[in-house]
Every structure is written in structure tokens, then in C-alpha cells.
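K.L.:
Got a structure here, written out as C-alpha cells. Questions coming.
The values are calculated or read from the model by the stated rules, or taken from the named source; none is laboratory data. For clarity, every value in this text was computed on a predicted model and none was experimentally measured. Virtual Cβ from ideal backbone geometry, glycine too; neighbours counted across all protein chains shown.
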Amino acid sequence: MSLKLKKGVNKQSAYNLRDPNLDYEAAHTLSIIVDNESGVLARVIGLFSGRGYNIDSLTVAEVDPDGHRSRITIVTTGTPKVINQIKAQLDRMVPVHEVIDLTLKGKAVQRELAIFKVVANGNQRVESLRLADVFRAKVVDSTLKSFTFELTGTSEKIDAFAELMAPLGLKEIARTGIVALLRGDNSN
């Protein structure tokens with residue numbers, strides 16, 4: 001039995017069954033350079049909340065004190081159409097100077113900082129120190145009953161550390177959110 005392809009039918013590998021013409025949701029890291037003035041963050045966040053877009057991670061810091069500019073790094077999830085709409089709407093805002101989709105621009109270095117409080121005794125205490133060493137987490141505070149660890153890395157690394165610390169007495173976590181820049185000599 002032979003199969004004949006109809007004219008105009010696209011041959012695709014069985015390993016890639018996703019139709020490239022269909023929209024699919026993906027996480028995107030947006031770097032937004034804005035004027036460092038009051039109310040700018042509220043306006044950017046208002047754009048997201050007013051249209052029902054979710055923010056997975058958010059960080060803000062001044063990056064140019066002389067030019068009074070800040071970088072807002074937002075991780076959001078959406079279809080290509082939704083992400084393009086978000087970028088276009090951000091670009092039209094007056095205090096916004098530049099919107100860069102780091103996900104599309106090239107490889108980016110992404111990091112997050114987290115602090116973990118672990119309350120443990122005996123073997124759990126020893127095991128938490130051993131795991132901290134494996135993950136290169138620093139002990140930033142210690143008492144006879146607890147440790148506070150600082151860990152920097154990808155969100156996946158931080159999630160993995162939290163998962164392993166949970167049965168050992170993890171009590172609290174504080175996370176900064178993702179910061180990102182393009183790799184190499186590329187600038188954004």
C-alpha cells in the first residue's frame with residue numbers, strides 16, 4: 001500500500017507534530033527601559049491587569065542614575081499574538097523608552113535570588129547543609145535551630161532547591177524575581 005500526498009499538503013516529521021501556524025503559549029522575558037519617576041510602574045502594571053495578562057515575575061531597578069532611567073524585567077506567558085500586543089502597547093506608553101523581548105532577541109542570562117529559612121535538628125540539619133553545598137547556597141544566618149540560605153541561579157535551580165529542602169524543615173522563602181540581560185557583547 002502506498003501513500004500519495006495531495007498537492008499542497010505539507011510533509012512534517014512525526015517528531016514535530018505541532019502545526020507552526022497555530023498559536024501556542026510560551027513564557028517571554030521582557031526588558032523595559034522607562035523613566036525613573038513615580039507612577040511609571042503602576043502604569044505598566046495597569047496595562048497588564050487591565051487586559052487580563054498575568055505577570056509571572058517582576059523586578060525593577062534604576063540602571064542609569066544620570067539619565068534617570070530604570071529597567072523593568074517582566075516574565076509573562078502568552079501566544080505570539082498576545083506577546084506582540086503587549087509589546088506594542090508598552091511601546092506606545094510615554095515613559096517607556098525601549099521594549100526588548102529577550103526571548104526572541106537571542107540567548108539571555110537569567111538569574112533570580114532567593115532566601116530560604118530552614119528549621120531543623122540532627123540529621124535534617126546536616127542534610128540541609130550538605131544540599132546547600134551541592135547547590136552552592138550560602139549560609140547567611142544561623143541559630144541553634146535554623147539556617148537561612150541565600151541562593152542565586154535560574155528559577156529551575158531555585159525550585160529544585162526548595163523542593164529538596166521542604167522535607168528537611170523549610171519554613172519560608174523570599175524570591176526577587178528574574179533579572180536578565182542578553183549574552184555576549186549584545187546590548188539591550
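K.L.:
So, in the range 160-183, of the ones that are part of a strand (DSSP E or B) and over 17 Å from SER57 (Cα atoms), which residue ends up modelled with the lowest pLDDT? Break it down stepwise before answering.
P.N.:
So the first thing to find is which residues in the range 160-183 are part of a strand (DSSP E or B), and the list is 170-175, 179-182.
This time we only want the ones that are over 17 Å from SER57 (Cα atoms), so: 170-172, 182.
Values: LEU170: 98, LYS171: 98, GLU172: 98, LEU182: 91.
Out of the qualifying residues, it is LEU182.
K.L.:
Here is a follow-up. Assuming LYS117 fulfils every condition listed in (1) in the same structural domain as SER142 (by TED's automatic domain parsing); (2) surrounded by fewer than 19 Cβ atoms within 10 Å (Cβ to Cβ); (3) under 20 Å from LEU181 (Cβ atoms) apart from one, which condition is it?
P.N.:
For LYS117, the failing item is (3).
K.L.:
Go over the candidates ILE115, ILE100 one by one and state the one that is under 15 Å from ILE173 (Cβ atoms) and within 19 Å of the chain's Cα centre (by Cα).
P.N.:
ILE115
K.L.:
I want to confirm something. Restricting to the range 136-154 and keeping residues that are surrounded by 11 or more Cβ atoms within 10 Å (Cβ to Cβ) and either hydroxyl-bearing (Ser, Thr, Tyr) or not assigned by TED's automatic domain parsing to the domain that holds ALA114 (or both), which single residue is nearest to ARG125 (Cα to Cα)?
P.N.:
SER146
K.L.:
I would also like to ask the following. When you go through (1) at pLDDT below 95; (2) over 28 Å from ILE72 (Cα atoms); (3) not small (Gly, Ala, Ser) one by one for VAL118, which number turns out not to apply?
P.N.:
(1)
K.L.:
Collect the residues in the range 90-120 that are under 15 Å from ALA162 (Cα atoms) and among the small types (Gly, Ala, Ser), keeping them in residue-number order. Before the answer, list the steps.
P.N.:
First, pick out the residues of the range 90-120 that are under 15 Å from ALA162 (Cα atoms): 112-120.
Listed by number, the residues that qualify are ALA114, ALA120.
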